[in-house]
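Nothing in this text is a laboratory measurement; each read-out follows from the coordinates by a stated rule. Note that the structure is a prediction, hence the values are computed from the model and not measured. Neighbour counts are summed over all protein chains in view; Cβ atoms, including those assigned to glycine, are modelled from backbone coordinates with ideal geometry.
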Amino acid sequence: AQKVTQAQTEISVVEKEDVTLDCVYETRDTTYYLFWYKQPPSGELVFLIRRNSFDEQNEISGRYSWNFQKSTSSFNFTITASQVVDSAVYFCALSVGSSYNTDKLIFGTGTRLQVFP
Amino acid sequence: EAGVVQSPRYKIIEKKQPVAFWCNPISGHNTLYWYRQNLGQGPELLIRYENEEAVDDSQLPKDRFSAERLKGVDSTLKIQPAELGDSAVYLCASSRRLMISGMGDTQYFGPGTRLTVL
């Protein structure tokens, strides 16, 4: 079975602080993808990043960085120098398999990030 | 490039009434998904279409939910009759099919329809 766990329900920080959102996944498949999506108060899920199971390189995009560690089945997301506009619910998601019929995204329960000025 | 379009954005109905949601995917995306997101939870897949064909509807409550994707573009999700427990946000997403690997590309989501059943 596949599962995504985001243990942090809610995090509050003050602007300019760094914050890390944790994501732990479970799957027996060797081929899978991991994602992070942002859901601002408007409700739309905004795609942030996609990583495949064969690429463990960390990635940095502006103030965002992602740490993928297969050894601990984790795909953590760090926001450096947080801003009020970063306030949202962040979802980690998993899709597994390499065949035509396996494109279901399995989401965690999300982490609500509140950044205060 | 225009994103996924959904309408209506909000819908309030009384229980036992029918309701329908509409989705227009990103142009060129042949895979379309409907998800339901309950309050405080992540989205859960209801149904996935490859062009006109529903290839995964295992999570769709077929006694009251139906969906269609005529001509392989727009899609409609219907609930009849609605129950109190159907109150949720209904999200539509679309993606391309990667021709070489056969896997789906990244899913892009619409703004959702927030349904309230009274």
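Data overview
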item: Region A:37-102: C-alpha gyration tensor shape, a/c 1.5 cut-off, then a/b vs b/c; result: oblate
item: Flagged links, alpha-carbon separation over 30 Å, of A:38/B:11; A:38/A:70; A:38/B:15; A:38/B:16; A:70/A:104; B:11/B:62; result: A:38/B:15; A:38/B:16
item: Cβ neighbours within 10 Å from other chains - mean over A:103-111; result: 6
item: Added length on full extension, which subtracts the Cα-Cα distance from 0.36 nm per residue, residue A:18 to residue A:2; result: 2.8 nm
item: Local electrostatic count, residue A:42, Cβ distance below 13 Å [Lys/Arg +1, Asp/Glu -1]; result: +2
item: Packing-based exposure ordering (other Cβ within 10 Å, fewest first) of B:48, A:28; result: A:28, B:48
item: For region A:1-34 versus region B:3-46, the gap between their alpha-carbon centres in whole angstrom; result: 25 Å
item: Among A:41, A:9, A:27 the positive-end extreme of the charge dipole of region A:1-51 (Cβ point charges); result: A:27
item: Magnitude of the charge dipole, the protein assembly as shown, Cβ model with Lys/Arg +1 and Asp/Glu -1, debye to 20; result: 420 debye
item: Candidate aspartates and glutamates - alpha carbon under 17 Å from residue A:16, same-chain residues fewer than 8 apart omitted; result: A:86
item: Chain A: proportion of alpha-carbon pairs further apart than 16 angstrom, %; result: 58 percent
item: With eigenvalues of the C-alpha gyration tensor scaled by 5 and rooted, chain B, Å; result: 25, 14, 13
item: Dipole of region B:38-98, positive direction: furthest Cα of B:67, B:94, B:38, with charges on the beta-carbon; result: B:94
item: Residue order, fewest to most beta carbons within 10 Å, for A:29, A:103, A:22; result: A:29, A:22, A:103
item: Gyration tensor (alpha-carbon) shape descriptor, the protein assembly as shown, a/c threshold 1.5; result: oblate
item: Neighbour net charge for residue A:91 - beta-carbon separation under 11 angstrom, K R +1, D E -1; result: +2
item: Magnitude of the charge dipole, region A:12-108, Cβ model with Lys/Arg +1 and Asp/Glu -1, debye to 20; result: 160 debye
item: Total charge dipole magnitude, chain B, about the Cα centre, Cβ charges on Lys, Arg, Asp, Glu only, Debye to nearest 20; result: 320 debye
item: Cβ-based net charge around residue A:16, under 12 Å, with every Lys or Arg adding one and every Asp or Glu removing one; result: -3
